[in-house]
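Take a look at the structure below.
The values are calculated or read from the model by the stated rules, or taken from the named source; none is laboratory data. A quick note: this is a predicted structure, and the numbers were derived from the prediction, not measured. Positions of Cβ are generated from backbone atoms using ideal geometry, with glycine treated the same way; all protein chains shown enter the neighbour counts. The accessibility values were calculated without ligands, DNA or RNA, using every heavy atom of the protein model including side chains. Shrake-Rupley method; radii C 1.70, N 1.55, O 1.52, S 1.80 Å.
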Amino acid sequence: AQSVTQPDIHITVSEGASLELRCNYSYGATPYLFWYVQSPGQGLQLLLKYFSGDTLVQGIKGFEAEFKRSQSSFNLRKPSVHWSDAAEYFCAVESSGNTGKLIFGQGTTLQVKP
Amino acid sequence: DAGVTQSPTHLIKTRGQQVTLRCSPKSGHDTVSWYQQALGQGPQFIFQYYEEEERQRGNFPDRFSGHQFPNYSSELNVNALLLGDSALYLCASSLVSQGMSAFFGQGTRLTVV
């Protein structure tokens, strides 16, 4: 069965520091991968997605993610974090290719120190 | 573009009652999916509607049912509410012909007491 693991439940970084959020997936075929962000009490906003092609994908708000098939990973990165990036981040995999059924990880809470 | 809109925003119900949540998809989208997000957890897929029919279903009991209307809007119904049904219910819409990048609504916070 497909699954997504986000090993870090909570991460704290200083404003201006770089960020990397980890995501590992379990999936038999080529996965469709996503990163979403959720601010408190809000819905989910799509940051970026990987379907195929270039393994480094650029997203909104200065985020990027790299797909590494050999490591079954899709880590999210940002070179310089802003205080407004504090939120919950979810990695997701589409369960069986272009069906729209997303399987989410548990999420990583990002706290940004001034 | 109003995006995905959900109503109501918050709701309090008593155990055993029934509830209906509503979702209007992003303009031009034809597929609606529903997710349940318990506190501190990632969203879990409930079901998906396309062309007014349930296309996929997650691991949720039959107490959870839905409907999609000709204008693509959708309802989620939950019968015989349990305390454990308290959660944020998220609606996501997408366009099947353009891949499945889902756009989410703000959610409905359901509290069962």
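Take the Kirkwood radius over Cα pairs of the stretch B:5-112, plug it into Stokes-Einstein at 25 °C and 0.890 mPa s, and you get 179 µm²/s for translational diffusion. Note on residue A:15 and residue A:55: the extension gain reaches 11.7 nm, defined as 0.36 nm multiplied by sequence separation minus the Cα-Cα distance. Counts of other chain beta carbons within 10 angstrom of each beta carbon in peptide A:28-41 average 2.
Of the listed residues B:83, B:110, the order by accessible area with a 1.4 Å probe, largest first, is B:83, B:110.
Within the shell defined by Cβ-Cβ distances under 10 Å, the residues around residue B:111 carry a net charge of +1, with Lys and Arg each +1 and Asp and Glu each -1. Of the trypsin sites (Lys or Arg not before Pro) in the stretch B:1-32, the ones in a loop by DSSP (not H, G, I, E or B) with at most 16 other beta carbons within 10 Å are B:15. Quick note on the protein assembly as shown: its Rg to Rh ratio, both from C-alpha atoms and Rh being the Kirkwood radius, is 0.97. Counting Cβ atoms of other protein chains within 10 Å of each Cβ in B:35-42 and taking the mean gives 4. In this structure, residue B:83 and residue B:5 have a Cβ-Cβ separation that, at R0 = 41 Å, corresponds to a calculated FRET efficiency of about 0.90. Take the Kirkwood radius over Cα pairs of the stretch A:3-113, plug it into Stokes-Einstein at 25 °C and 0.890 mPa s, and you get 176 µm²/s for translational diffusion.
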